[in-house]
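Okay, structure first, notes after.
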Amino acid sequence: MDTARAKFAEGVRLYKQGDDTGARLAFLEAERAHHAAVTIYNLALVEEHLGHAQAAVDDYERYVGEAGEQGEFTQAAVIAAAELRRRGSKIRVETDPPGARLFIDGTPLEERAPLTWLLLPGKHHISVEWDSGRAEQDVDVTSGAPKTVSFVRPAAPVSHEAADAGAPVQNVVPVDAGPPPDAEAPHPPEVSGLVFGGSFIAMPYHFQHLHSGENDDGAFAGLAGEIGYAFADHAFVGLRAMAAIGSSCKQVYGAHVLTVGPVIEYHLTRSFWLGASLNGGNGEACRDGNVLSTDIVFSPMLDASYAVSSQDYGQWLVSIGFGYFFANPTNDTGLFYAPIGFGPRFY
């Protein structure tokens, strides 16, 4: 306990003198001697001053988790962590093969690749090391613009003894050469924070009157939009709306489908999404001068999407869904519909 107090006091003194590196080492020694939540909070302050955004956020959250809502610095820690996330950007480092040691701006990380790390805006140097190879590159980080950085282990050069023996010489990949031309396309960024997107849709439909047997088949065309928030790395909840029109009625908007409702989407794999929504709205079409309408009812819908292109800002998706507008007691018309879309999703 005495050692912890002495190191803590030394850390405070060095921090006030502007020696953030020395203060960090002192607080770490104090923590090793005796754990205390206030030491973690001070360590977070130092990490933030050093520009170590991810380490600072981790320490702030650790302090909040231990001190609870009544902690002396809980409110300050929550605000500081949120501000760092707002200013920073998540950078995902991937290596082939995985498991490489990581160094960001010269600081070694405990975790190994692949890894997602929060960095503040500016130029950062990332290097990776395998047991037999090393690669590095500079990365320009922009606030709120996540990106993926990929490294491929260079081929090992042949020793002089092997060359003298007539062994074939392998091609050596320079450190700054980047991935080979046939490298896999960029991975999508980690799903986090605000998620939004839109798409053009074609919508085959089938109206069915439950008692008269009167049916109508056709297709609508229109737009869909969504906005939500990621509550986990692979899922988000939000609101989705669709508006599509057809040509079976005399009026331009006579034949239509209009829906809006909550949606949840799950990132099943890197390229494949599954989702479900509960829409409210109505559908309408015309047949032989008669109007077929669902009135205002609810419609569950399931959908699946596949990413045909992944970029730093998100993905371009091809999607297909299947939904049904239930008939209500005053209107016995139901509607099956299957929107097929293409458009971007940003996150």
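Scalar couplings 3J(HN,Hα) for region 264-275, obtained by applying the Karplus form with A = 6.51, B = -1.76, C = 1.60 to θ = phi - 60°, are 10, 10, 10, 7, 5, 9, 4, 10, 10, 10, 10, x Hz; x denotes Gly and Pro.
Our summary gives region 1-101 a relative contact order of 18 percent, counting only alpha carbon pairs under 8 angstrom and 6 or more residues apart.
Cross-link reach is defined here as a Cα-Cα straight distance under 21 Å, omitting same-chain residues fewer than 8 places apart; for residue 7 the lysines meeting it are 16.
Taking each residue as 0.36 nm, the span from residue 87 to residue 252 lengthens on full extension beyond its C-alpha to C-alpha distance by 54.7 nm.
Computing Cα Rg over 2.2 N^0.38 Å directly from the structure and comparing it against [x] 1.39; [y] 0.97; [z] 1.09 singles out [x].
Normalising the average separation of contacting C-alpha pairs (under 8 angstrom, six or more residues apart) by the number of residues puts the relative contact order of the chain at 10 percent. In the chain, the calculated helix contribution to ellipticity at 222 nm averages -7000 deg cm²/dmol per residue, counting -39,500 (n - 2.57) for every DSSP H run with n ≥ 4. Taken one residue at a time, the phi angles of region 105-113 give Karplus couplings (6.51, -1.76, 1.60, θ = phi - 60°) of 6, x, 8, x, 9, 6, 6, 10, 5 Hz. Gly and Pro are set to x. Residue separation of residue 328 and residue 109 scaled by 0.36 nm, minus their Cα-Cα distance, works out to 72.9 nm of gained length. About its Cα centre, the dipole of region 193-346 is roughly 280 debye, where the only charges are +1 on Lys and Arg Cβ and -1 on Asp and Glu Cβ. Annotation: lysines with alpha-carbon distance below 23 angstrom to residue 123 (same-chain offsets under eight excluded): 90, 147. Take the Cα of residue 214, step 7 Å toward its Cβ, do the same at residue 318, and the gap between the two points is 3.8 nm.
Dividing the mean sequence gap of close Cα pairs (under 8 Å, 6+ apart) by how many residues region 199-347 holds gives a relative contact order of 22 percent.
Quick note: the coordinates plus some simple rules give every number you see, no bench work behind them. As the structure is a computational prediction, the values presented were derived from the model and not from experiment. Note that we place each Cβ from the backbone using ideal geometry, even for glycine, and neighbour counts take in every protein chain shown.
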